[in-house]
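Read the structure below first, then the notes.
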2 protein chains.
Amino acid sequence: MDEVERRAWAYVSRVAEPPNEQLAALVAGEGVVAAAERIRRGDVHDKLRKATEARRDLDCAAEDLEVLDRMGGRLLTDGDDEWPYLAFQAFRTVDRTKRPHALPPLVLWVLGPSRLSDIQDRSAAIVGTRAATNYGEYATADLTAGLVEKDVAVVSGGAYGIDGAAHRAALASDGETVAVLAAGLDVPYPAGHSALLHRVGKQGLLVSEYPPGTRPTRRQFLTRNRLVAALGKATVVVEAGIRSGAANTAGWADALGRIVCAVPGPITSSSSIGCHVLIRDRKAILVSRAAEVVELVGRIGEFAPEHERPVSDLDGLSDDELAVYEALPGRGTRSVEEIAVTAGKPATQVLGPLTMLNVRGLAIQENGCWKLAKR
Amino acid sequence: MDEVERRAWAYVSRVAEPPNEQLAALVAGEGVVAAAERIRRGDVHDKLRKATEARRDLDCAAEDLEVLDRMGGRLLTDGDDEWPYLAFQAFRTVDRTKRPHALPPLVLWVLGPSRLSDIQDRSAAIVGTRAATNYGEYATADLTAGLVEKDVAVVSGGAYGIDGAAHRAALASDGETVAVLAAGLDVPYPAGHSALLHRVGKQGLLVSEYPPGTRPTRRQFLTRNRLVAALGKATVVVEAGIRSGAANTAGWADALGRIVCAVPGPITSSSSIGCHVLIRDRKAILVSRAAEVVELVGRIGEFAPEHERPVSDLDGLSDDELAVYEALPGRGTRSVEEIAVTAGKPATQVLGPLTMLNVRGLAIQENGCWKLAKR
């Protein structure tokens, strides 16, 4: 990409609020340099002219790129090897009459050693409420550590609460983590996550659709959510209130044909209501262990192990043996006939089971009578 | 029912381990008095003779009935008005090659003012692990109180943990509650629930398939579970370990075509694993409020209300209004043109939204410029 092209990309990245369908079509049809030139002149169709009118004279592409270069970041477009084509393919399948913003980004501003093209193959988005509880943060850290251990990259939104817990846990386990921001790369938001986002930019990847200096807005948070959902092969909602941005990301994941998972929690916690509603309405699969997420995003055949079941000495006994075992006295001894009456079986059907129980060390014979073996 | 018949019922109730298909068929075909006589003589088919051989000479029917009468209890059979025909109909639909015990009881020994025939129309079984956590007991009490408030009877198994919490909460709210026992009515089991079961027998109903004096066995617990499942229009599992009797009851409920529900809990709690597995495998519906259970067991159209959603001043703003709202400065003021650039909209599309925001008390004009209203 030469400097003229780079500036044109930076210019179109700012001139209209992304995503913009007309802008994407113009760039695809005429190339980014010609497209930028036509927008600058106002020589575009009515709809795109309106969308670019307010900012078309505001050309700070050179400054934006200077900020990016100084940070050590890079500009990605769909010409790059690093562009996550596969992840963004999913936007083609969405019904745009229902979701007008279901478009891939035109330009991404990114910072960090991870590559989106690698991450798209093995990733999970972990999202949730800013009002996370201790339980939610613990569950997030536990799931994230388990995912990282299986080389799954963790995508989130950099926010307080669940998002932050996911990034922190991924960094702590030396895993890959991607923070998709609703602001420019140089605008640490929320301010309290400035150090955390700095570390994500050093060890993982910061991603933004917005040029440097852009402050976040509500609309940008919602638009950003579609990229979080697209970059995760599954989206896991750890905690969400009844009205939560995480539900929006889950909606995007569902629209994009991604798997949506939710972590249950106490029914007494308002921070779990959103998860419970998603599960109850069958919009999300209940997950309680990282292995269950790996099963969904990993290679074919990578199944979660069964929960460990406690074992008992009585495992494997037949119904007859169990009935006889139950008829053995706790104190004293019983004759075969007494055992038969208690067990409700003919005496002839009691001796065989007694012998088996004796072999397994569960029953003891004493003077022709039987009792439970002390264990 | 005359005394001869009553004794015959009591006799057949003890002579074979219930449920017994051949015994039920004989009683249905020849009447209970003739059936009892033939068993006593050993004049029955091979299979039934074996099943009754150990106890056929043990006739303690008169004593059993005396114990029952002294307690103030009654014997129920399918001749009685109080017999829950509808609830037990479901056994006909079960594949008995898979569940040989899928048979209604022949005789029920009951004690208490409630009537099973009334309860079957509006009931929920609440079951769970004996190793209940504080959370599980709280959730049980909360659900039960909500069910009682809507006149739903609560059926359970009288055990420690969730069962006990359900009975206690129902009694505390003056609701109807049924404890289906795996032992005789006069054998308080577990011993620590002796006072609780006594209260259930006074205010609700104790039910047992077993004659007085019968001690509980593992097999009886499992057989009992089918009656708990049959008597609840839905079965709610509140907490269950990975290996839990509650999962057995849930299996019966499912086989009987009843609705199975499970209450989620923290993923860190081993007492919730069983519930999470049921929900994840879609064998149970997630429930977190009594109203959601009432919706399933109640009258048609008795829907659970939506969760209350927090409201915001920004509810109902259009996208344009929201974008302009976001472009207003927190400190100082901005001109219409500045707001237009920040919002990425033509200046002509900014004035309308500003006026609306002003009307709603969200934006203030000052010397031709605009700022956020202090709230």
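Residues in the range B:151-208 that are closer than 23 Å to B:LEU65 by Cα and of a type in the set (S, T, N, Q) were compared, and the one that is farthest from the chain's Cα centre (by Cα) is B:SER194. For the range B:53-77, the candidate set comprises residues that are within 14 Å of chain A (Cβ to nearest Cβ) and either within 34 Å of the chain's Cα centre (by Cα) or not charged (D, E, K, R) (or both); within that set, the residue that is surrounded by the fewest Cβ atoms within 10 Å (Cβ to Cβ) is B:LEU58. Pairs linking a residue in the range B:149-178 that is charged (D, E, K, R) to a residue that is not in a loop (DSSP other than H, G, I, E, B), with Cβ atoms under 6 Å and 6 or more positions apart or on different chains, are B:LYS150/B:VAL294; B:ASP163/B:SER156; B:GLU176/B:ALA153.
In the range B:305-321 there is no residue matching the filter, namely being in contact with a strand residue (DSSP E or B) (Cβ under 9 Å, 6 or more places away or on another chain) and modelled with pLDDT of 85 or more. Among the criteria (1) at pLDDT below 95; (2) in contact with a Lys or Arg (Cβ under 8 Å, 6 or more places away or on another chain), the one B:ALA62 does not fulfil is (1). When A:ALA90 is tested against (1) in a helix (DSSP H, G or I); (2) within 29 Å of the chain's Cα centre (by Cα); (3) under 24 Å from B:ALA343 (Cβ atoms), only condition (3) is not met. Of everything in the range A:109-153 that is within 14 Å of another protein chain (Cβ to nearest Cβ) and not in a helix (DSSP H, G or I), the residue that is surrounded by the fewest Cβ atoms within 10 Å (Cβ to Cβ) is A:ALA131.
From the list A:GLU321, A:GLU337, A:GLU302, A:GLU295, the one residue that fits, being under 20 Å from the mean Cα position of the chain (by Cα), part of a helix (DSSP H, G or I) and not aliphatic (A, V, I, L, M), is A:GLU295. Applying the selection to the range A:341-375, what residues are in contact (Cβ under 8 Å) with a residue 40 or more places away in the chain, outside any loop (DSSP other than H, G, I, E, B) and surrounded by fewer than 19 Cβ atoms within 10 Å (Cβ to Cβ)? A:LYS371, A:LEU372 - these are the residues of the range A:341-375 that are in contact (Cβ under 8 Å) with a residue 40 or more places away in the chain, outside any loop (DSSP other than H, G, I, E, B) and surrounded by fewer than 19 Cβ atoms within 10 Å (Cβ to Cβ).
Is it the case that B:LYS50 is basic (Lys, Arg) and either buried (at least 16 other Cβ atoms within 10 Å of the Cβ) or at positive phi (or both)? Answer is yes for this residue. If the condition is being surrounded by fewer than 16 Cβ atoms within 10 Å (Cβ to Cβ) and away from every other protein chain (no Cβ under 14 Å), then the range B:328-340 contributes only B:GLY332. Selection of strands (runs of 3 or more DSSP E) fully inside the range B:193-288 by the criterion of at least 1 residues being away from chain A (no Cβ under 11 Å) and closer than 28 Å to A:PRO305 by Cα returns B:234-237, B:259-262.
The values are calculated or read from the model by the stated rules, or taken from the named source; none is laboratory data. The shown structure was predicted, so the numbers you read here are calculated from the model rather than taken from an experiment. We place every Cβ from the backbone using ideal geometry, glycine too, and count neighbours over all the protein chains shown.
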